[in-house]
Every structure is written in C-alpha cells, then in structure tokens.
Amino acid sequence: MKKGILWGLLVFIAGLGLGGLFVRPYTTDPVYAGTAAAAKSVRAEAFELVDQKGIVRAKLQIGADGEPGLVVYDKNQKPAAAYSLNGQGPVQNLLDQILR
C-alpha cells in the first residue's frame, strides 16, 4: 500500500516537471505598457476639463448655432464665464454676476 502511494506521488511529481518543460515553449513573455507617442491632433465634438475629484471645470463644445464655445465653471459647478462666437464676432459673458 505504501509502495503504491509512493509510486503515485513520484509519477505525479515527474508529470508536473515534464508538463512544465513541454508547456514553456508555448507561453509568451509578459508585455509591459510602453509610452504612447503623442498624438498630433485630437478630434471630438466636445471636451470637458475636470479636476482631481472628477468635477467638470470647463467645457469646450460646439453650440446649437454651430459656433464654438468655452464655458468655465467655478468650484460650485456654476458657470462663471462663457466665450463664444456669434454671427457678428466673438462674445465674452462673465456669468458670475449675471447668475447670482
């Protein structure tokens, strides 16, 4: 009985060792993240700038009229300033006094 258990254990250990030898050629080396090349251009319909807490502090987007606009938010997430274009030229709105 002891001899059978000993042989079984020996065969099991030998199988593990041989299995490791046969599997090794089929495994790949680890892949490490590299540094990506900087993009020359980024395209999107809108961009949101967020702080470390994930709170939106500024938005750059195309308005309903098809003109670009930038809205800057204060620490309470209220619009503080807006910069955009209209049919006549650039527009700057300081919203902190209008909205309070």
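Read-outs throughout are calculated quantities, based only on the coordinates presented, and are distinct from any laboratory measurement. Since the structure is predicted, the reported quantities are computational estimates derived from the model, not experimental observations. Cβ coordinates were reconstructed from backbone atoms using ideal geometry, including for glycine residues, and neighbour counts include every protein chain displayed.
Give me the distance in nm between label points sitting 7 Å out from Cα along the Cα-to-Cβ direction at Ile5 and Arg57, one decimal.
Reported label-point gap for Ile5 and Arg57 is 6.8 nm.
How would you classify the range 46-98 from its alpha-carbon gyration tensor, with a ≥ b ≥ c the square roots of the eigenvalues: rounded for a/c under 1.5, else prolate if a/b is greater than b/c, otherwise oblate? Could you put the intermediate results ahead of the total?
Working: a/c = 3.40, a/b = 1.53, b/c = 2.23.
It is oblate, given that a/c is not under 1.5 and a/b is not larger than b/c.
I'd like to compare 77-86, 5-14, 62-71: which one has the highest average count of other Cβ atoms within 10 Å, and what's the full order after that?
Per-residue Cβ counts within 10 Å, averaged per peptide and sorted highest first, yield 77-86, 62-71, 5-14.
Quote the charge dipole size of the range 32-84 about the Cα centre in Debye, to the nearest 20; the model charges only the Cβ of Lys and Arg (+1) and of Asp and Glu (-1). Don't skip to the answer; put the middle values down first.
Values: 7 positive and 6 negative charges, 46 e Å.
Here the range 32-84 has a charge dipole of around 220 debye.
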